[in-house]
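The values are calculated or read from the model by the stated rules, or taken from the named source; none is laboratory data. Quick caveat, the model's predicted, so the values are computed rather than measured. Neighbour counts are summed over all protein chains in view; Cβ atoms, including those assigned to glycine, are modelled from backbone coordinates with ideal geometry.
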Amino acid sequence: MSEFLGRCYGETTPSKVSFISKETPAVGEYVYLNYDDKTILGMIDSLFRGCTTLGDDLLNPDTIGKILKLDGDTECYIRGTITILGDKDKLIIPRTPAPPGTIIYKAEKELLKEIFEKDEGIKIGTILKQPDVAVKLDVNKMVSRHLAILAMTGSGKSNTTSVIIDELLRLNGTILVFDAHSEYSKTEFKNGKTITIPSKINPRDLSVHEYMKLGKFSEGATNQTKYLRDAYDYAKEQDLTDNKEDFFDNMISWIKDKIKELEGEDPKRKSHIEANYQVLFKLEDMYRIHYNLLNRTDVGDMVDSIVPGKVNIVSLGSLSETPTDIIVKHMLDNILIRRKNKIENNGKKVLDYPIFCVIEEAHNLASNSLNTKSKSTISKIAREGRKFGVGLCLVSQSPKSLDNGSLSQINNLIILRLVEPGDQKHVQKSSESLSNDLLEQLPSLNIGEAVILGQMTKIPTMVKIDEFEGKSVGSDLDIVKLWQTDKQEREEKRKKDNEDIELLL
């Protein structure tokens, strides 16, 4: 039998009702109402507790104390508001409001399981106030409509990301993680293997624009750009022949030959000679500065290194911002192009399988303020990726720094604890489904608790995220334990040294 909670009162709307109760429910708890021959599901989004004998006009605590002594236990009530989520069968918002006086019932476990567990999907956790009801996410909607995982530091982003990756591996999913802090390469997933892709690019695989970014060529330096492109085209031509020279060396050789050629011609072409010297210096500086990024051995293309059905990690922890930007753009550009080729069946190089791309510290790449090269590619995939089987997952602890154009294209959100008002408002601006009532819950979430929105879940849900069962990542260090261990090790070493000295004596 359903548990009576209270009744609607006052004016109602098709999407909102107020209720009064003597019980004490919790914000985020699911309820239902029966009217118009339908069972209508709702979620409690605000609560207020009051007492009929202790009104707002009482301003003296001594007076309140005297009333409590006279009346004993005063009669308190709970009032609140409920957001209507839709009928239990199709979750369609009713066209008529609930009649005042309609009974509010607590949603029983069986009803919630019908909604949250009846479809195939990946388990992300349990309903916050109903721990025996699992919450599953629609993988097709998550990958095709993209995902953002947003939270302040220490709220559980890494755990949430790891749970999702492990569940996708169970379905033989192909995942690519741009690992900003080199954490995931050490992670052990229960449902699949980790493949580490070296964060190195063969110079032959870079585009002219990527050379310009790494070499710090100015967009307005037309002569330098022309000669850089000519040197690049020459090296590409040589690459198609039996010439075994290094691609980068071929570019340098062409520039040096061009300088000799121009120096033997009309002195009026001095500006062109200077432009070639600048190209030469910038290319040499580029290689010296980004030696760790550029691998001049015969390595394969980074996208070719992706292994289907595995989690593929590109460890970026040792790289600075510019090479990180280049690698992310380079891989995402090629992934999107090859998936387009696959769908269009045009005979060009393809990527045979859909892929889910996780970008850690996404606010540094898809940035509101920084003019990164990868931002345009991330935004393009957010707009077009669903047509070609390229999914995005943007992970960030600074949502207000995320590019609004990219975030607004992300249809699914997992929002853990967010306290900073700027972060909250930026997320709400980018997502129509984040109501003011849910927004107010974000600062009060505990570690591992989240609001989940979007097409991957049927209705907005407050969830307790599962604990990742593999080797955890992103967790805080136990500083006190490390100090104690260090002290113990030093004492043991000192004791051993003293024993060695005594033996010598």
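Data for the structure
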read-out	value
Test set (1) over 30 Å from K400 (Cα atoms); (2) of a type outside the set (D, E, K, R); (3) in the same structural domain as E183 (by TED's automatic domain parsing) - Q278 fails condition number	(3)
Top-ranked residue of segment 144-176 - restricted to ones that are of a type outside the set (S, T, Y) and part of a loop (DSSP other than H, G, I, E, B), ranked as nearest to E469 (Cα to Cα)	G156
Boolean, L439 is in contact with a His (Cβ under 9 Å, 6 or more places away or on another chain), assigned by TED's automatic domain parsing to the domain that holds I359 and either among the aliphatic types (A, V, I, L, M) or not in a loop (DSSP other than H, G, I, E, B) (or both)	no
Count of residues meeting criterion [among the small types (G, A, S) and surrounded by fewer than 23 Cβ atoms within 10 Å (Cβ to Cβ)] in segment 372-405	6
Members of segment 442-455 found to be buried (at least 18 other Cβ atoms within 10 Å of the Cβ) and in a helix (DSSP H, G or I), listed by number	L442
Selection status of T153, within 30 Å of E3 (Cα to Cα) and of a type in the set (S, T, Y)	no
Lone qualifier among L240, L319, L293, L280 - being at pLDDT below 90 and touching a helix residue (DSSP H, G or I) at 6+ places or on another chain (Cβ under 6 Å)	L293
Residue match in segment 169-183 (condition: in contact (Cβ under 8 Å) with a residue 60 or more places away in the chain, out of contact with any helix residue (DSSP H, G or I) (no Cβ under 9 Å at 6 or more places or on another chain), within 26 Å of K136 (Cβ to Cβ) and outside the structural domain of Q238 (by TED's automatic domain parsing))	yes
Of all residues making up segment 177-201, the number that are outside any loop (DSSP other than H, G, I, E, B) and among the acidic types (D, E)	1
Criterion: surrounded by fewer than 24 Cβ atoms within 10 Å (Cβ to Cβ) and within 13 Å of the chain's Cα centre (by Cα) - qualifying residue of S158, S182	S158
Residue match in segment 463-483 (condition: under 25 Å from Y184 (Cβ atoms), under 18 Å from the mean Cα position of the chain (by Cα), assigned to a strand (DSSP E or B) and of a type in the set (A, V, I, L, M))	yes
Test: residue in segment 80-94 that is in a helix (DSSP H, G or I), surrounded by 15 or more Cβ atoms within 10 Å (Cβ to Cβ) and in contact (Cβ under 8 Å) with a residue 12 or more places away in the chain	no
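A quick yes/no check of all residues on (1) in the same structural domain as L168 (by TED's automatic domain parsing); (2) hydrophobic (A, V, I, L, M, F, W, C); (3) surrounded by 16 or more Cβ atoms within 10 Å (Cβ to Cβ):
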| site | (1), (2), (3) |
| --- | --- |
| A98 | no, yes, yes |
| G101 | no, no, no |
| L112 | no, yes, yes |
| I115 | no, yes, yes |
| I122 | no, yes, yes |
| I127 | no, yes, yes |
| V139 | yes, yes, yes |
| R145 | yes, no, yes |
| I149 | yes, yes, yes |
